[in-house]
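Everything below concerns the one structure shown next.
The values are calculated or read from the model by the stated rules, or taken from the named source; none is laboratory data. Here the structure is a predicted model, which is why all the values come from computation and not from measurement. Neighbour counts are summed over all protein chains in view; Cβ atoms, including those assigned to glycine, are modelled from backbone coordinates with ideal geometry. Heads up: the accessible areas ignore ligands, DNA and RNA and are worked out on the full protein's heavy atoms, side chains in. Shrake-Rupley method; radii C 1.70, N 1.55, O 1.52, S 1.80 Å.
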Amino acid sequence: MNVKTIRLILGDQLNPLHSWFQQPRDEVVYVLMEVRQETDYVLHHAQKIIAIFAGMRDLAQQLTQAGHRVHYLAIDDPDNQHLFAANLDFLIAHYQAQQFEYQAPDEWRLRQQLHQYAAGLSIAAHCVDSEHFYTTENEVAQVFDGRKKWLMDYFYRQMRVKHNVLIDADAQPVGGQWNFDHDNRKAWPGIPWEPQDFRQRHDHSKLWETIQAAGIKSFGEPHAADFYWPLNRAEALLQLDGFIQHALPHFGAFQDAMSTKAWRLFHSLISFALNTKMLNPREVVAKVEAAYRADQVPLTSAEGYIRQILGWREYVRGVYWEFMPDYVEHNVFNHQLDLPDWFWTGKTKMRCMAHAIGQSLEHAHAHHIHRLMVIGNFSLLAGLNPSALHRWYLGVYIDAFEWVEVPNTIGMSQYADGGLLATKPYVSSAAYIDRMSDYCKGCHYDKKARIGEKACPFNALYWDFYERNRTVLANNPRIGMAYQQLKKMTPESIAQLQQQAEEIRSGINAF
Ligand code: FAD
Ligand code: DLZ
Ligand code: SF4
């Protein structure tokens, strides 16, 4: 049937292998739009805007070269009205389209918007699958149907079996265990050195000039002339292969390590390519499993890495779709403090925070432990407002799209959902950060001290957090230790810690 059709491709739907593109059809026009409604709905890191626009432009070019019809509305196009709805109205009229199709948006906000738009059209409209994820949106909820508690580990085992990943001929997990974390989580002694960066370099100076001329606000370093995020699938595959060969063998051991000397360590930096769908999770998992089966990487690394993608990534998406739109509003501890000014500059005397925030502003990326156990940990202990923090995370990271960012920030990192996603709050005093990094040596603050001008802020905040949140946390069997230790402290020393914590909170911009 040759019905004149407009097909919308969003900025995180850059998959040239989607079944839409199997062969060019004259009656189909693909549209991509650089729109202010998306650049401005949260303040984004400069690199994120550049990377999305560059990736969209590259896909448009690939499709055109393959013989597809493409209408690209650039940020400075005079026809661009900067709203999906207004632009679609214009394009549908312009091409006299009788049909509108779009791939299901991954974000609740945009999905509502496009569903409503489609429902209001007088022409036929269809939403199709983005053909990216292992699971359907409600599959995680189905796995836990009738169960009291959602647990990622349980879901992950089901996925391993269902998709036959790292499963032996006798239907058991390879190596006899589902999880090898006890062999991982080491601090990094400085060797082996982190491998080279396998991302390609680009000069996006012209694009950055256009973005600035359009008046789009952003933060963080653009590094437009020296830009390293992948443009397309071919580049992302090269990056993935380099990672598997050179970094993955050490990923497991050092996945939680942090260092002032190496910001990437043995992480893949593949989340941008995955979340924009340049790469498919199945191919990433298959390549990693193949490397293990060919004896190129240890099982501890392969399993640890696959768990992040087949386990956590799909799991948090299931949480997002089950609990949105309310999920983003959770604030179980009623934390209301604004983000300190240094979240936008990295200029704090806390060396761990200066490095974690600094590299986020510099590279639009920080690895999981920086996000969870440094920035997130401090934010939760200090009582920063989870919603404000969510907007910061959504803006700063190159890979941040709400479906994956919200459950990680609101749930895993801030425990603002009261324990729906995490079994206990991920908090620590300076001891954990010192064990996993070289930050404390050379810090302005004393990692051992709890009280006084030079005391590490994490320490007083840690005890104060447990003390002031007794009603929510004291009955949690996983955190009994903290309350036993508090029991051993005198009321005076607890009061002193609370006063120190209050001083930190009230003068937070000076820390
Ligand atoms: P690697 O360490 O090499 O891991 C490989 C892949 O596993 C990642 O690319 C990612 O696709 C997946 N993965 C690992 N952990 C998670 C997780 N917890 N949830 C979902 N997928 C995971 N990840 C995002 O993709 N987007 C976000 O917006 C995001 N926000 C986060 C916010 C907070 C507060 C925290 C604690 C974590 C967040 N994460 C997010 C998860 C994780 O930090 C990033 O996926 C990871 O740092 C990306 O870098 P990488 O590709 O080098 O990952
Ligand atoms: C993040 C982003 C930005 C900055 N700009 C655009 C854009 O101009 N056009 C577009 O189609 N998508 C953009 N995106 C990605 C969308 O916000 C993303 O598709 C939604 O968050 C859905 O997950
Ligand atoms: Fe961070 Fe405290 Fe260590 Fe300084 S002493 S680096 S503030 S944990």
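Note on residue 295 and residue 246: their simple-model spin labels are 2.4 nm apart, each label 7 Å out from Cα toward Cβ. When you filter the trypsin sites (Lys or Arg not before Pro) in region 185-238 for DSSP loop state and at most 15 other Cβ atoms inside 10 Å of their Cβ, you are left with 186, 201, 217. Helix 46-65 axis versus longest C-alpha principal axis of the chain: approximately 30°, rounded to the nearest ten. Here residue 85 and residue 426 are evaluated by their C-beta separation; at R0 = 41 Å the FRET efficiency comes out at 0.55. Calculated on the alpha-carbon coordinates, the convex hull of region 5-128 measures out at 103 cubic angstrom per residue. Based on every Cα atom in region 404-511, Rg and the maximum pairwise Cα distance Dmax equal 14.7, 43 Å. Taking Cα centroids, how far is region 227-273 from region 70-144 in Å? About 32 Å separates the Cα centre of region 227-273 from the one of region 70-144.
Seen through its C-alpha gyration tensor, with square-root eigenvalues sorted a ≥ b ≥ c, region 114-218 comes out oblate because a/c lies at 1.5 or above while a/b is not bigger than b/c.
Computed per residue of the chain from DSSP H runs no shorter than four, each worth -39500 (n - 2.57), the mean residue ellipticity at 222 nm is -12000 deg cm²/dmol. Overall, the accessible surface of region 143-265 at a probe of 1.4 angstrom is composed of carbon and sulfur to the extent of 50 percent.
Evaluating 6.51 cos²θ - 1.76 cosθ + 1.60 at θ = phi - 60° for every residue in region 260-277, the Karplus couplings come out as 6, 8, 8, 7, 8, 6, 10, 8, 8, 6, 9, 4, 5, 5, 5, 6, 8, 6 Hz, glycine and proline recorded as x. Residues in region 5-128 average 40 Å² of solvent-accessible surface per residue, probe 1.4 Å, ligands and nucleic acids excluded.
Only the Cβ atoms of Lys and Arg (+1) and of Asp and Glu (-1) were treated as charged; on that basis the dipole of the chain about its Cα centre amounts to roughly 1380 debye. On full extension, the segment bounded by residue 213 and residue 41 gains 60.1 nm, given 0.36 nm per residue less the C-alpha separation. Local charge for residue 473 was computed over the other residues whose Cβ lies under 12 Å away, with Lys and Arg +1 and Asp and Glu -1, and equals +3. Counting only residues at least eight positions apart within a chain, or on another chain, the lysines with an alpha carbon under 27 Å from that of residue 149 are 162, 424.
Using R0 = 41 Å, the C-beta based FRET efficiency linking residue 487 and residue 181 works out to 0.85. In the context of the full set of protein chains, region 217-264 has a per residue accessible area of 37 Å² (1.4 Å probe).
Take the alpha carbon gyration tensor of region 333-468, find the square roots of its eigenvalues, order them as a ≥ b ≥ c, and report rounded if a/c is under 1.5; if not, report prolate when a/b exceeds b/c, else oblate. Oblate, since a/c reaches 1.5 and b/c is not below a/b. All Cα-Cα distances of region 249-316, cut into 5 Å bins from zero to the largest, leave 3, 16, 24, 26, 19, 9, 2 percent in each bin in turn.
The orientation-averaged projection of the convex hull spanning the C-alpha atoms of the chain amounts to 25.4 square nanometres. Percent of Cα-Cα pairs more than 16 Å apart in region 332-374, please. Above the 16 Å cut-off, region 332-374 has 41 percent of its Cα pairs.
The residue among 416, 386, 433 whose Cα reaches farthest toward the positive pole of the charge dipole of region 367-471, with charges on the beta-carbon of Lys, Arg, Asp and Glu, is 433.
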